[in-house]
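Written below as structure tokens is the structure these notes are about.
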Amino acid sequence: MATLVKTPSGTWKAVIRKTGFPTSAKTFRIKRDAEDWARRTEDEMVRGVYIQRGSAERMTVSDALIRYLAEVSPSKRPSSAASDIRRSKSLIQHLGKYSLAALTPEIIAKYRDERLAGLDRKGSNGKPLPKPRSANTVRLDLALLGHMFNIAIKEWGIGLAINPVQSIRRPAPSPGRDRRLNLGEEKRLLGAVEAHSNPMLGWIVRIALETGMRSSEITTLHIGQVDLERRLVRLINTKNTQPRTVPLTLSATETFHRAIANPTRPVETDLIFFGEPGKDGQRRAYNFNKTWIKIKAEIGLKDLRFHDLRHEAVSRFVEAGLSDQKVAAISGHKSMQMLQRYTHLRAEDLVDELDIISARKKG
């Protein structure tokens, strides 16, 4: 049986001591609430469905996310850890005050809908400025929140029966981009980046078009990862965490020759594409994003993203007749399903072959 004690402040404290279970206690304003909680908790213990909710009621979403960023995020890739920090800000701002026990699927669904509609955006005057956000942005917000709950339940011993994020619909993923460069656009782009005062920008763009490597994969390359004689690049830090070896075209090999022979390379770094020293004196990868955005706008290609160069390269591999397995080996896609948005190119190329087959039948 539970023990009910009236505290000096006039509240009622219910204490349950049952063999095989940790001591549970909770304080209530009126005696009836204490009795109801004690009866319900003892019943759950008897039926074997008791969950100690005290920790979930004490820990707020804000506290949980701060702990997650300190304990879990550092084990991820640097870019993923940085993304966690950015995405946690919105979650803490809008959901941080709730305890883990109080955060219901309904509250999370409301957050999802308001984020999608952009209702939390504000203009320079501080007034609401509704501007829809992409479905992928909100999906990643919810993915972070959901993983935090999983960690809290499985590793932190937080007493929750379910992960509330798993009970709501995720926004449908956005369709994959299929932006391609026509010959005129490619000529303008290469002309502009190669005319830039820093030759590394032009080298990076050419390598992206020739190899299909991601921006982060290119800019973090060290000299030892490039084998010019065998025309291979060994990638260690990739998006899917799986190392891969990328073969180089003659054009890509020549570009790497020039980049590695860069006469301005400081002796203290073996990064192929290096930036200026930071406040700590350390040189990191060349950050060309601001320059890239400016140049795109100047040549009328504002809608082009750097990742579109990867799409262009992979599409060209398909058009050249490489099998899906060979393309995946070069690009690093984990499954054939991830290459589906490139296969329509091959279907178009087969039209001429089908015409040839039909002509032979008629002949």
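Read-outs throughout are calculated quantities, based only on the coordinates presented, and are distinct from any laboratory measurement. Note that the structure is a prediction, hence the values are computed from the model and not measured. Here Cβ is always computed from backbone atoms with ideal geometry, including for glycine, and neighbour counts include all displayed protein chains.
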Lysines with Cα under 16 Å of Lys89, excluding same-chain neighbours fewer than 8 positions away
Lys97, Lys122
Given C-alpha coordinates of the range 2-101, what is the ratio Rg to Rh with the Kirkwood estimate of Rh?
1.16
Which aspartates and glutamates have a Cα lying under 18 Å from the Cα of Lys131, excluding residues fewer than 8 positions away in the same chain?
Asp113, Glu114, Asp120, Asp141
The answer for the net charge of residues other than Ala70 whose Cβ lies under 12 angstrom from its Cβ, with Lys and Arg +1 and Asp and Glu -1, is -2
Quick check: the angle from helix 199-211's long axis to the longest principal axis of the chain, C-alpha only, nearest 10 degrees?
90
Need the full-extension length gain, Lys6 to Arg258, defined as separation in residues times 0.36 nm minus the C-alpha distance. One decimal, nm.
82.6 nm
Could you work out the local net charge near Ile299, counting Lys and Arg as +1, Asp and Glu as -1, over the other residues with Cβ closer than 13 Å to its Cβ?
0
Sorted from largest to smallest, which semi-axis lengths in Å does the alpha carbon gyration tensor of the range 183-355 give for its equivalent ellipsoid, taking the root of 5 times each eigenvalue?
29, 20, 14
Among the range 235-253, those whose backbone N falls under 19 Å of a label point 7 Å along Cα→Cβ from Ala320 are 235, 244-253
At q = 0.11, 0.22 Å⁻¹, what is the base-10 log of I(q)/I(0) for the range 120-216 according to the Debye formula with one equal point scatterer per Cα and no solvent? Please give it to two decimals.
-0.70, -1.06
Check the straight Cα-Cα distances from Lys18 and name the lysines below 20 Å, setting aside those fewer than 8 residues away within the same chain.
Lys26
Under a point spin-label approximation (7 Å from Cα along Cα-to-Cβ), what is the His147-Ala329 distance to one decimal in nm?
3.1
Between the range 305-319 and the range 74-89, how many Å separate their Cα centres?
27
Non-local amide H neighbours of Arg133 (under 5 Å, H modeled in plane, Pro and chain starts lacking H): which ones?
Ala117, Gly118
Can you list residues whose amide H is under 5 Å from Phe274's amide H, if they're 5+ apart or on another chain and H is modeled 1.01 Å from N?
Tyr286
Spin-label pair Asn198/Asp352, simplified geometry with 7 Å Cα→Cβ offset, distance in nm:
4.1
Take the alpha-carbon positions of the chain, form their convex hull, and give its projected area averaged over all directions (one quarter of the hull surface) in nm².
30.5
Show me the three semi-axes of the equivalent ellipsoid for the range 87-129, from the C-alpha gyration tensor (sqrt of 5 times each eigenvalue), largest first, rounded to whole Å.
22, 12, 8
Mean-position separation - Cα centroids, the range 187-202 and the range 145-165, in angstrom
49
Given the range 225-363, what count of lysine pairs have C-alpha atoms under 22 Å apart, with each pair 8 or more places apart or on different chains?
6
So for the pair Thr269, Ile236, with labels modelled 7 Å out along Cα→Cβ, what separation do we get in nm?
1.7
The exposure ranking of Met45, Met200, fewest beta-carbon neighbours within 10 Å first, is Met45, Met200
I want to verify a result. In a Gaussian network model of the chain, Cα cutoff 10 Å, which of these has the top mean-square fluctuation: Ser216, Ser134, Ser24?
Ser24
Total charge dipole magnitude, the chain, about the Cα centre, Cβ charges on Lys, Arg, Asp, Glu only, Debye to nearest 20:
1220
